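The values are calculated or read from the model by the stated rules, or taken from the named source; none is laboratory data. What you are looking at is a predicted structure, and each value in this text was computed from that prediction instead of being measured. Glycine gets a Cβ as well: all are built from the backbone with ideal geometry, and neighbour counts include every protein chain shown.
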Amino acid sequence: MTGSAPRQFIVEPAEADAGRVALIDAVSGDTVTRGELAEGVARTAAGLRSLGLRPEQRVLMVMADRPGFVETFWGAMSMGAVPVPVSTMLTTKDYEYLLKDSRAEVVVVSDEIAAEVLPALEGLGPAPRVVVEGRAGTSGFDSLADLQASGEEAPLFPATGEDVAFWLYTSGTTGFPKGVIHRHVDMTFLTEKFGRGVMGITEDDRMYAVPKLFFAYGLGVNYFALGLGASQVLFDGRPVVEAVVDHVERHRPTLFWGVPTFLAQLLSAEVPPEAFASVRAAVTGGETLPDDIRRRCEERFGFPTLDAIGSTEVAHIYICNRVDRQRPASVGWVVDGFEVEIRGADGERLPDGEPGELFVAGESVTSGYWHRTDRNREVFHGRFFATGDTFVRNGDGSYTYLGRGDDMIKAGGIWVSPTEVEAAIVELPEVAMAAVVGHRNDEGLEKPKAFVVLEDTATPSEELAQRIQSHVRSRLAPFKYPRWVEFVESLPLTATGKVKRYMLREMS
């Protein structure tokens, strides 16, 4: 496994596959075949080389979900450089940090994002070369189109599975984002074990992902599709419900990749069941899927909705429910090729039923964080990566997520999982979203507090707050109900859709 790199995914398509559709523009319907994509990748690689870029140097990508992203990502790798896709939703200050931390030699940015990125270059010395997608002739900067037409083709870099393929940055929920290093073999491993082994992806599948390509979750969908011959629908805009439903009805994807927050919005919008008739399965990640949302999605749309957990450090999903086997309110079973353990504070492995920290081992676990020696020594234990997530292993071998280790609430000396309380709250039809954190009462004791976002048709009231509390008491142990309910217009979320609980704790 470690001796093979996945370059053949798109830069060396078999002649019989060159005419197969690889990418579809969600809005225009324009398509890119595998052969055309391979040519675009080769031209991008040659253009980057013409800038003086060398193997192992970084290319910071701040790009929208278009063919240019895919060509740049794979083009950089094919000439031995290291693409570093980052969020398109950050501030100039964030980009300044990422530029300094990654030491990127080249920045490729989509024109609509350039206004936030370009000011971050001021004061950097020496500044990286800048390539702008879609802004040909801009003074002082190369355009991606011109770059792709300027270079001379050269042989592929002789990468092995052990060579660094790409970096991703963590979402930074607990501090500054960290550069996560992944090898070529990580993509090969996940494509086989999860893409083929769990999801059964074939060349007949068409993929649609709500998460963007700069996420580990969204990026994995791309290399699954390219590695297994499927096609992918790309949308470069915000994934609002109306737009996504239009794309699904027009392009008829067979696999839908989303997050629980989006599914909740989908249900609130009362989308007709036939809109998703082509979808054979949906996968969710990024946050816990409340069982009520899973059940309602399956009842309305008819497809199995598979809760799963993955991470930037593992490059995609490592525990997941299955199409033919699901356990409600759990993230399912370990993906073949991975090994997980639940460990206590003393590092000892815990038996079924006892909550503890989840450790994961597998071929796609990152080789480490860039320039984070102390953090590397904290979280890497031999083959295992300490996720910081609290889980419990059930008797049937499935796993239930209880929250981040620092999110757990100790009420009355007993641990409370915020996700369990949140799942009960969102069962009420008036509730769109909920987040629970620990809050100290007048005696200084920590108890659960709920921040609740209501559906548009509901009105905040003391009566509704009391009904939420009563509902949780009826569903869970009495000590778990929220002692306070605060109605808010929205929850603070990371770019990956995770609740920023530390902000809610500060609000308390």
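So the values come out like this:
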read-out	value
Hey, residue 92 among the β-branched types (Val, Ile, Thr), in contact (Cβ under 8 Å) with a residue 60 or more places away in the chain and in contact with a helix residue (DSSP H, G or I) (Cβ under 8 Å, 6 or more places away or on another chain) or not	no
Residue count for the stretch 383-401, restricted to those that are among the aliphatic types (A, V, I, L, M) and either buried (at least 22 other Cβ atoms within 10 Å of the Cβ) or farther than 15 Å from residue 327 by Cβ (or both)	1
Residue in the stretch 262-283 that is aliphatic (A, V, I, L, M), assigned by TED's automatic domain parsing to the domain that holds residue 361, in contact (Cβ under 8 Å) with a residue 60 or more places away in the chain and surrounded by fewer than 22 Cβ atoms within 10 Å (Cβ to Cβ) present	yes
Count of the stretch 363-382 residues which are assigned to a loop (DSSP other than H, G, I, E, B), surrounded by fewer than 18 Cβ atoms within 10 Å (Cβ to Cβ) and either free of Cβ contacts under 8 Å to residues at least 24 places away in the same chain or hydroxyl-bearing (Ser, Thr, Tyr) (or both)	2
Test: residue in the stretch 323-343 that is surrounded by 20 or more Cβ atoms within 10 Å (Cβ to Cβ), of a type in the set (Asp, Glu), on the phi < 0 side of the Ramachandran plot and not assigned by TED's automatic domain parsing to the domain that holds residue 100	no
Subset of the stretch 435-466 that is of a type in the set (D, E, K, R) and surrounded by 14 or more Cβ atoms within 10 Å (Cβ to Cβ) - its residue that is farthest from residue 501 (Cα to Cα)	455
Test: residue 100 is free of Cβ contacts under 8 Å to residues at least 40 places away in the same chain and out of contact with any helix residue (DSSP H, G or I) (no Cβ under 8 Å at 6 or more places or on another chain)	yes
Residue list for the stretch 69-93, filter: in a helix (DSSP H, G or I) and surrounded by 24 or more Cβ atoms within 10 Å (Cβ to Cβ)	69, 70, 71, 72, 73, 74, 75, 76, 77, 78
Filter result (assigned to a loop (DSSP other than H, G, I, E, B) and either at pLDDT 85 or above or not β-branched (Val, Ile, Thr) (or both)) within the stretch 483-504	483, 488, 489, 490, 491, 492, 495, 497, 498, 500
Residue in the stretch 255-273 that is small (Gly, Ala, Ser), part of a helix (DSSP H, G or I) and within 22 Å of the chain's Cα centre (by Cα) present	yes
Selection from the stretch 194-251 of residues that are assigned to a loop (DSSP other than H, G, I, E, B), more than 28 Å from residue 113 (Cα to Cα) and of a type in the set (Asp, Glu)	203, 204, 205
Residue in the stretch 409-426 that is farthest from residue 295 (Cα to Cα), counting only those that are surrounded by fewer than 17 Cβ atoms within 10 Å (Cβ to Cβ) and in contact (Cβ under 8 Å) with a residue 24 or more places away in the chain	412
Of all residues making up the stretch 141-178, the number that are at pLDDT below 80 and aliphatic (A, V, I, L, M)	1
From the options 66, 58, residue that is modelled with pLDDT of 95 or more and surrounded by fewer than 24 Cβ atoms within 10 Å (Cβ to Cβ)	66
Residue 224 within 30 Å of residue 455 (Cβ to Cβ) and either surrounded by 23 or more Cβ atoms within 10 Å (Cβ to Cβ) or at pLDDT below 95 (or both)	no
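Each row is one residue, and each column tells you yes or no for (1) at pLDDT 95 or above; (2) among the charged types (D, E, K, R).
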{"residue": "280", "(1), (2)": "yes, yes"}
{"residue": "285", "(1), (2)": "no, no"}
{"residue": "289", "(1), (2)": "no, no"}
{"residue": "293", "(1), (2)": "no, no"}
{"residue": "313", "(1), (2)": "yes, yes"}
{"residue": "318", "(1), (2)": "yes, no"}
{"residue": "327", "(1), (2)": "no, yes"}
